[in-house]
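Encoded as structure tokens, the structure appears first; notes follow it.
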Amino acid sequence: MKVAVFSVTEEGKKLGEKLCLDFSHATLFHCPGKGNLKLRVKENFTPHQGLVFIMAAGIVVRMIAPLIRNKHRDPAVVAVDDFARYAVSLLSGHEGGANRLTYRVASVLGSAPVITTGTETQKTVVVGVGCRKNVTSAEIEHAVTSALEMAGVNLDQVRVTATAKAKYGESGLKEAMENLKLPLVYIEHDRINLVGKEHISESLSSEKHLGLRAVAEPCALLAAKNGGFLLRKCVIGPVTIALVREKNSITDK
């Protein structure tokens, strides 16, 4: 995906530079003046498949409103605040890929992804993934699909996958999730170790190599909202999978 990143503050510019290092086809447009921003957005709205704005969502809405055509032709639009607290899917979430772009941006910047698309809210399964170093994409894909089959879950019921931040450099993991068309988020280690021992199956290997009591189970729990285990830690070759199903705290009584 060819991505344009826009910033208006020095803080936003630094975040944009970080994003561009992670994306192979991304260009940063730093526009401290509103007139310049409006021109840059107009020039790059159509040529790019994804637009990431590091600024207030209200500014983004005003900039893109005159350019919007329809959900099948518009680019993916994501808004991020200057502190990178939230990454919000604003336009073309499903058809244009803004939801997946949001998850990727959130993973790079450590933001909380905000997705409101109806089709996404109906997905309630979160997949926690742990793996050995240099695992292949084929091994990951096999483990994920096998675990889902064991639990009687379809791939299209999965909302997101999650793993430890230490696995960020595992190209096989990224490739597998791209092939499966599943978003992947990375969980910080300090959050993982805050999950109580009573909630997870501890792993001596994870403790030794990563300093973590476990990976798959706590990552699945942390990436979910009001989640409960569908499938506890399951070792499939060099991969560990855990499945969690989310519950709606209001409607699921």
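Looking across the stretch 102-154, the residues that are among the hydrophobic types (A, V, I, L, M, F, W, C) and in a loop (DSSP other than H, G, I, E, B) come down to I115, V135, V153. Out of all the residues in the stretch 150-209, which are at pLDDT below 90, closer than 20 Å to K247 by Cα and either within 16 Å of the chain's Cα centre (by Cα) or of a type in the set (A, V, I, L, M, F, W, C) (or both)? Residues satisfying the conditions are V195, I200.
For the stretch 2-44, the set of residues classified as farther than 16 Å from A87 by Cβ and aromatic (F, W, Y) consists of F29 only. Consider the stretch 61-84 and keep the residues that are aliphatic (A, V, I, L, M) and within 21 Å of the chain's Cα centre (by Cα). The one that is farthest from E11 (Cα to Cα) is A76. Only strands (runs of 3 or more DSSP E) whose full extent lies in the stretch 158-252 are considered here, and the ones with at least 2 residues that are without any contact (Cβ under 8 Å) to a residue 60 or more places away in the chain and hydrophobic (A, V, I, L, M, F, W, C) are 158-164, 227-236.
Within the stretch 19-33, restricting attention to residues that are surrounded by fewer than 17 Cβ atoms within 10 Å (Cβ to Cβ) and touching a residue at least 24 places away in the same chain (Cβ under 8 Å), the residue that is farthest from the chain's Cα centre (by Cα) is P32.
Number of residues in the stretch 165-213 that are out of contact with any helix residue (DSSP H, G or I) (no Cβ under 9 Å at 6 or more places or on another chain) and within 23 Å of S111 (Cβ to Cβ) equals 2.
The values are calculated or read from the model by the stated rules, or taken from the named source; none is laboratory data. Bear in mind the structure is a predicted one, so any value in this text is a computation, not a measurement. FYI the Cβ positions are ideal-geometry reconstructions off the backbone, even for glycines, and counts take in every protein chain you see.
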